[in-house]
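Working notes, beginning with the structure itself.
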Amino acid sequence: MKINLKWLLLIPVFAVAITLGYLIPTKLLSGSGDEGTTTTGKQQNQALQIEVSDLQERIGAYQSLLQRNPNDADAMKGMGDSYLEIGTAQGENGEVNDSYRSYKNAVDQYRKYLSIKPDNVEVKIDMGLSYSYLQMIDIALRELREAVAAAPANQRAWHSLGWVLYNGAGNLSEARVAWQKAYNLDPSTAIGQESKSFLDQFSGQQLALPSGITP
């Protein structure tokens, strides 16, 4: 099963992007027939390139901030989030080597941030996920396990741990435990419902929703 967690991995990133007005609409018109499919593919490629270009401009702005204040933790996080988004876009566009470089840059910035603010669990989650995209699964799991240990009520941490356990380590039994914990924390959220969908898919049975909660 291929799990697309782009929406989940970048929830904190999107919040910042919306605030700063950086998000770019990427919904594309669909065509018909082979010619339409080719056109749509080109449009998707162009949209991704525009997105990457915009993110690179954002990184340049953060770099300027860091030149003025090398200890600007928020700029470090902003750069890390931007590199993570670029890596995701490049991966979707089949630019594997470029995406790895972007994920490596994201890790570097997150590590700098955490050296100043070690208690930010969301950044630790994003760093762990960046490591997973670099195929450094053992390190990714270490970071995510530290995240759930530090914040056992963080639903995104448990859900992300489950994803890396399954998609990276192939450990379905432990992944199910992590997804179950994520679901139990709040079945009504988008993350809780995503965890439920994974549990349902692997169990072959519907996971009962608590009273008053609807999918």
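Here, each number is a calculation from the coordinates, and none is a lab measurement. It should be emphasised that the depicted structure is a prediction, and the values quoted were computed from it without experimental measurement. Here the Cβ is made from the backbone with ideal geometry for all residues, glycine too, and neighbour counts use every protein chain on show.
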Could you line up 40, 88 from fewest to most neighbouring Cβ atoms inside 10 Å?
40, 88
Ranked highest first by average number of other Cβ atoms within 10 Å, how do 190-199, 109-118, 77-86 line up?
77-86, 190-199, 109-118
Using a Cα-Cα cut-off of under 14 Å, which aspartates and glutamates could be cross-linked to residue 77, ignoring same-chain neighbours fewer than 8 residues away?
85, 108, 119, 122, 126
Looks like the stretch 155-205, by Cα gyration tensor root eigenvalues a ≥ b ≥ c and the a/c under 1.5 rounded cutoff (else prolate when a/b is bigger than b/c, oblate otherwise), is oblate
Under 15 Å from the Cα of residue 181 - aspartates and glutamates, other chains or at least 8 residues apart:
194, 200
List, in order, the whole-Hz ³J(HN,Hα) value for each residue of the stretch 173-185 obtained from phi through the Karplus relation with A = 6.51, B = -1.76, C = 1.60 and θ = phi - 60°; use x for Gly and Pro.
4, 6, 4, 4, 4, 5, 5, 4, 5, 4, 5, 5, 5
The set of residues whose placed amide H lies less than 5 Å from the amide H of residue 171, leaving out same-chain residues fewer than 5 positions away, is 166
